[in-house]
Amino acid sequence: MVKPIGSACNMACKYCYYLGNDLSRHKPMSYETLELLIRKYFESSDGDVFSFIWHGGEPTLRGLDFFKQAVELQKKYLPKGKQCWNNLQTNGLSLNEEWCAFLKQEHFDVGLSIDGTKLSHDTYRKDASGNETYERIKENIGLLKRYGIYPDLLCTVNAMTQEDPYGVYKSLQDLHTGWIQFIPVANRREDGGPDEDSVDPLKYGEFLRCIFHQWFYHDTKDTGVQLFMEMLLAYMGKGQTLCWLKKECGDVPVVESDGRVYSCDHFVNERHYLGNIHESSFGKILEKQESFAKRKSDLNEKCRKCPFLFLCHGGCIKDRDEEGNNILCQSYLKLFEETKEPMAKAVALMKKGYTLPQAASFLKKERDALWKDTKPNALCPCGSRRKFKHCCRS
């Protein structure tokens with residue numbers, strides 16, 4: 001993960017954990033540092049694919065010319081027979097025709113942050129001048145799509161969005177980009193408790209559970225929800241790709257704009273400083289990362305005995321309290337318990353040759369047969385507290 005502009009941003013999201021990070025307040029990344037970063041990364045790895053996640057702050061503030069130069073340097077130093085993958089994580093505010101043409105031409109994947117409904121988004125995600133941003137960002141999503149770029153939508157779940165799972169999900173799904181990620185806001189006060197913008201663990205579990213029912217029985221054909229797709233991988237006996245669900249993490253170190261390297265985007269602090277690319281090779285720097293990666297597998301007894309350990313492996317270490325308990329454990333436990341049966345059935349059908357949409361459709365018919373006598377104005381049997389006619393009957 002590369003921070004070409006540090007924590008600088010053209011937005012001032014209320015819950016941001018990175019805005020104004022003292023260790024990230026550097027000058028924009030120089031072309032010298034950029035070239036050194038690319039060359040040393042390629043020299044230090046023997047993998048087949050080299051991955052760059054351009055992050056921030058807001059990385060587009062570094063300017064389009066910087067990214068054009070990055071691509072040219074990648075082509076210059078890329079070892080023969082290897083591939084290079086770029087992902088731009090953006091708030092979408094600065095995108096225009098020129099940016100979109102470049103991203104399309106150079107095959108960038110794009111992750112774009114948008115918080116579901118206009119109300120929830122504009123409450124938390126205002127620009128640096130305090131203005132609402134939802135309509136501008138929605139328009140730029142349309143611009144990306146006109147260039148054939150379908151961004152991954154990143155939606156934070158906070159104290160407001162947790163109250164409207166169905167509305168948030170449908171607002172995102174109606175943008176028709178094909179992929180949605182939900183990211184819980186779990187910021188803590190000095191006393192260790194959640195701040196006013198953070199999710200409530202029980203409500204976040206209800207949020208995920210409600211969305212699962214809508215997605216699984218209606219939308220698997222044209223929409224992927226990252227967490228649910230990762231869970232399917234685990235049920236199929238395959239390794240998850242998402243860092244906080246793996247047995248060990250540490251695959252995504254952060255390179256700040258001055259060349260300093262840290263263990264993780266959530267741990268840009270002195271304790272997790274690994275070194276500087278101006279002073280050492282990547283290989284040497286990342287020798288220090290091993291102890292960080294192993295921290296995730298240091299689990300307490302409660303985690304080790306959990307029947308759903310294979311799904312989350314204790315979750316992200318940033319969300320663990322002093323006793324080693326994940327502060328969002330109740331959320332995930334609620335989701336995992338609710339989805340165990342349909343997930344297992346879907347995987348069994350997929351092993352017989354069904355596609356996921358075919359398996360979900362088959363299971364929907366099976367479920368609907370059990371619910372056929374449910375009255376439209378009754379509470380939905382899925383437990384969402386919504387009327388059946390507005391929930392799983394739709």
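The values are calculated or read from the model by the stated rules, or taken from the named source; none is laboratory data. All of these numbers come straight from a predicted model, not from anything done at the bench. Note: ideal-geometry Cβ built from the backbone for every residue, glycine included; neighbour counts use all protein chains shown. The area values use the complete protein model at the heavy-atom level, side chains included, leaving out ligands, DNA and RNA. Shrake-Rupley method; radii C 1.70, N 1.55, O 1.52, S 1.80 Å.
Calculate how many DSSP beta bridges within the chain are antiparallel, expressed in % of all such bridges and rounded to the nearest 5. Approximately 30 percent, going by the DSSP bridge assignments. Scalar couplings 3J(HN,Hα) for segment 116-131, obtained by applying the Karplus form with A = 6.51, B = -1.76, C = 1.60 to θ = phi - 60°, are x, 6, 4, 4, 5, 5, 6, 6, 9, 10, 8, 6, 5, 9, x, 8 Hz; x denotes Gly and Pro.
Amide hydrogen proximity for Cys84: with H placed 1.01 Å from N in the peptide plane, the residues at 5 or more positions away or on another chain lying under 5 Å are Phe50.
Backbone phi angles across segment 175-190, fed through the Karplus curve with coefficients 6.51, -1.76 and 1.60 (θ = phi - 60°), yield HN-Hα couplings of 7, 6, 9, x, 8, 10, 10, 10, 10, x, 7, 10, 7, 10, 6, 4 Hz in residue order; Gly and Pro are listed as x. Other residues whose C-beta falls under 15 angstrom from the C-beta of Tyr77 contribute a net charge of +1, scoring Lys and Arg +1 and Asp and Glu -1. Between 0 and 90 degrees, rounded to the nearest ten: what's the tilt of helix 134-146 against the longest Cα principal axis of the chain? The answer is roughly 80 degrees.
Could you tell me the calculated FRET efficiency between Glu43 and His278, based on Cβ-Cβ distance and R0 = 22 angstrom, to the nearest 0.05? Display every interim value, and only then the final one.
On the way: r = 15 Å, r/R0 = 0.66.
Here the calculated transfer efficiency is 0.90.
Computed over protein heavy atoms with a 1.4 Å probe, the accessible surface of the chain works out to 48 Å² per residue.
Computed over neighbours whose Cβ is under 13 Å from that of Leu208, the net charge equals -2, Lys and Arg +1, Asp and Glu -1. The Cα-based radius of gyration of the chain, divided by its Kirkwood radius, gives an Rg/Rh of 0.97. Across the alpha-carbon set of segment 298-375, the Rg to Rh ratio works out to 1.13, Rh being the Kirkwood radius. Only Lys, Arg, Asp and Glu carry charge here, each on its Cβ (+1 for the first two, -1 for the last two); on that basis segment 45-121 has a dipole of about 160 debye about its Cα centre. Between segment 141-188 and segment 85-134, the alpha-carbon centres lie 11 Å apart. To put it simply, the accessible area of the chain at a 1.4 Å probe is 50 percent carbon and sulfur. Per-residue Karplus couplings for segment 316-328, computed as 6.51 cos²θ - 1.76 cosθ + 1.60 with θ equal to phi - 60°, are listed in order as 5, 5, 5, 9, 9, 8, 5, 8, x, 7, 6, 5, 9 Hz, Gly and Pro entered as x. Shape of segment 126-219 from the C-alpha gyration tensor: oblate (a/c of 1.5 or more and a/b not above b/c, with a ≥ b ≥ c the square roots of its eigenvalues). Around the amide H of Thr156, modelled in the peptide plane, lie the amide H atoms of Ile114, Ile183, all under 5 Å away and 5 or more residues distant in sequence or on another chain.
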